[in-house]
1. Right, residue 102: free of Cβ contacts under 8 Å to residues at least 12 places away in the same chain, over 25 Å from residue 66 (Cβ atoms) and either in a helix (DSSP H, G or I) or under 11 Å from the mean Cα position of the chain (by Cα) (or both) or not?
2. For residues that are assigned to a strand (DSSP E or B) and modelled with pLDDT under 85, tally how many sit in region 113-138.
3. Report whether or not residue 135 is in contact with a helix residue (DSSP H, G or I) (Cβ under 9 Å, 6 or more places away or on another chain), in contact (Cβ under 8 Å) with a residue 12 or more places away in the chain and surrounded by fewer than 15 Cβ atoms within 10 Å (Cβ to Cβ).
4. Quick check on region 180-225: of everything there that is without any contact (Cβ under 8 Å) to a residue 12 or more places away in the chain and closer than 26 Å to residue 168 by Cβ, which residue is surrounded by the most Cβ atoms within 10 Å (Cβ to Cβ)?
5. Kindly list the number of the only condition in (1) touching a residue at least 24 places away in the same chain (Cβ under 8 Å); (2) within 27 Å of residue 77 (Cβ to Cβ); (3) under 19 Å from the mean Cα position of the chain (by Cα) that fails for residue 173.
6. In region 143-179, which residues are out of contact with any strand residue (DSSP E or B) (no Cβ under 7 Å at 6 or more places or on another chain) and either surrounded by 20 or more Cβ atoms within 10 Å (Cβ to Cβ) or not in a loop (DSSP other than H, G, I, E, B) (or both)?
7. Report, by residue number, each residue of region 161-172 that is out of contact with any helix residue (DSSP H, G or I) (no Cβ under 8 Å at 6 or more places or on another chain) and modelled with pLDDT under 85.
8. From 93, 85, grab the single residue that is over 30 Å from residue 71 (Cβ atoms), within 12 Å of the chain's Cα centre (by Cα) and not in a strand (DSSP E or B).
């Protein structure tokens with residue numbers, strides 16, 4: 001959400017947006033580790049159990065590799081890329097984020113945007129994982145019919161201070177298994193949040209310009225990451 005949008009928001013909406021900016025990436029990165037084994041699940045009603053068990057295993061692995069991560073921060077990037085990213089449907093997420101602009105996009109733009117959007121999310125998650133601090137997670141019962149192909153997995157991030165943060169994951173069934181296509185934190189959707197920001201940029205300067213900006217940002221982050229790694 002850009003500064004201009006924030007200035008025109010009511011105080012309660014602005015405060016809520018600020019809460020999201022604080023917790024969105026961290027909580028999403030942690031919980032999305034749970035989807036590593038979702039593709040093997042046959043029973044939708046057992047999805048919450050699979051999430052819980054997989055999260056526990058992955059967070060344990062993250063703790064076990066803490067010393068390696070300290071010496072080699074790129075390890076977090078590798079973990080996020082191999083464990084999290086394959087279980088997110090970036091094609092569908094991109095189409096929702098761009099909305100009407102996706103329908104008007106060229107075939108080339110429909111290849112370039114998801115790739116750069118994926119890279120942006122990947123690096124953001126990798127950074128969030130490096131800041132994880134043992135928040136506990138409560139899983140709510142999954143309510144879905146046996147033949148559902150679209151479900152919402154609800155969780156609550158319990159904090160040492162302050163109220164818990166509700167996190168909901170929208171997932172749909174694909175030929176490759178269950179995949180995430182949106183995350184909502186405290187009622188604010190990741191897709192909608194990016195849609196507002198990107199739509200404003202596209203209206204001003206066009207989709208190609210947005211893709212170029214994302215590419216430049218990803219290149220800067222990659223260069224910074226490489227520099228930090230070389231200084232270890």
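The values are calculated or read from the model by the stated rules, or taken from the named source; none is laboratory data. Model, not experiment: these values are computed from the prediction. Methodologically, a virtual Cβ is constructed for each residue, glycine included, from the backbone with ideal geometry; neighbour enumeration extends over all protein chains shown.
1. The answer is yes for residue 102.
2. Qualifying residue count, region 113-138: 2.
3. No, not satisfied.
4. Once the filter is applied, the top-ranked residue is 189.
5. Every listed condition holds for residue 173 apart from (2).
6. Correct list: 173, 174, 177.
7. Across region 161-172, the qualifying residues are 161, 162.
8. Going through 93, 85 in turn, the sole match is 93.
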